[in-house]
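Reading through the structure tokens given below for one structure.
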Amino acid sequence: MHKNVDIIFVRHGESNGNIGIAEEGFHPDDPRLTTKGTEQAMKLAQRFQKGKISAIYASALLRACQTVQPLAETQNKRVIVLRELMEVGTMIPNTSPSLVSEYAPNAYAGIVETAALPVLFPPDSYDQSICEQRAAYCMDRILESCKDGDRIVVCTHGGFIGYLIRYCLGITLPETFNWQIDNCAVFRILLSDQKIPKLCSANDISHLMC
């Protein structure tokens with residue numbers, strides 16, 4: 001563990017899937033953001049525009065890549081794509097690179113690299129133990145790349161974000177426990193090798209109110 005790592009988990013913005021719209025040319029498990037979701041992504045970027053973000057991670061699904069695209073532009077960062085951040089129960093592990101190129105160009109290189117890698121976890125699994133293993137794998141990958149004082153944004157999905165939070169806090173909760181997770185909500189956790197993890201904010205959507 002690295003001292004003083006600030007982890008900002010974000011659920012993707014509102015997608016067509018969230019409002020029950022299936023678009024031709026988009027997989028049912030891989031919808032793009034709605035107009036509202038795109039506006040939420042812009043407000044997320046505005047929220048963090050005055051502070052330095054060390055790295056930006058996203059799942060390999062389009063709505064997650066789109067959500068951090070404005071932030072990546074503001075921070076002049078390439079989005080690091082981790083397919084293992086995918087939603088629980090999704091049927092596909094990643095988006096078509098051509099769609100990412102069009103809607104989230106800062107993630108394009110990452111999605112091409114991700115698409116070429118072997119699938120480590122079944123993309124359709126609801127199994128709690130597999131989701132826990134997947135969360136541990138993601139966080140170990142992210143934290144091993146961190147330096148002291150880094151501030152990291154991780155964009156993922158409503159069904160999976162709870163597993164990441166539990167792993168970071170070192171807690172176990174029953175499978176039936178439900179987090180309140182709104183679109184584009186922020187969960188902030190401070191990690192340190194000297195202190196217990198600190199949950200600083202949960203389901204914070206204050207940036208969407210302006």
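Just so it is clear, none of the values below were taken in a lab; they were calculated from the coordinates. All figures in this text were calculated on a predicted structure; none of them were measured in a lab. Positions of Cβ are generated from backbone atoms using ideal geometry, with glycine treated the same way; all protein chains shown enter the neighbour counts.
Where the centroid of each part is defined by its Cα atoms, how far is the range 132-156 from the range 83-115 in Å? Centre-to-centre (Cα) distance: 18 Å.
Among the listed values [x] 26; [y] 20; [z] 41, the one matching percent of Cα pairs over 28 Å apart as calculated from this structure is [y]. Grab the other residues whose beta carbon is less than 10 angstrom from that of residue 88, score K and R as +1, D and E as -1, and report the net. In short, -2. Taking the DSSP beta bridges with both ends in the chain, the antiparallel portion is around 45 percent. For the chain, a crude dipole built from +1 on the beta carbon of Lys and Arg and -1 on the beta carbon of Asp and Glu, taken about the Cα centre, is about 880 debye to the nearest 20. Relative to the current alpha-carbon distance between residue 52 and residue 192, full extension at 0.36 nm per residue lengthens the span by 48.5 nm. Given the options 11, 83, 141, which has the most mean-square fluctuation in a GNM of the chain, springs set between C-alpha atoms less than 10 angstrom apart? Maximum among the listed residues: 141. Sorting 207, 157 from the fewest to the most surrounding beta carbons within 10 angstrom yields 207, 157. If you plug the beta carbon distance of residue 23 and residue 128 into 1/(1 + (r/R0)^6) with R0 = 25 Å, you get a FRET efficiency near 0.20.
Once you've got the GNM for the chain with C-alpha springs shorter than 10 Å, pick whichever of 85, 173, 143 has the biggest mean-square fluctuation. Fluctuation is largest for 173. Taking a Cβ cut-off of under 12 Å around residue 41, the surrounding Lys, Arg, Asp and Glu residues balance to a net charge of +3, with basic ones at +1 and acidic ones at -1.
Here the simple spin-label model places points 7 Å from the Cα toward Cβ, and for residue 203 and residue 172 these points are separated by 2.5 nm.
Here the chain is scanned for GluC sites (Glu not before Pro) in DSSP loops (not H, G, I, E, B) that have at most 16 other Cβ atoms within 10 Å, and the longest stretch holding none of them is 25-174. Largest GNM mean-square fluctuation among 119, 186, 68, using the chain with Cα springs under 10 Å: 119. Dipole of the chain computed with +1 at Lys/Arg Cβ and -1 at Asp/Glu Cβ about the Cα centre; of 190, 108, 167, farthest Cα towards the positive end is 190.
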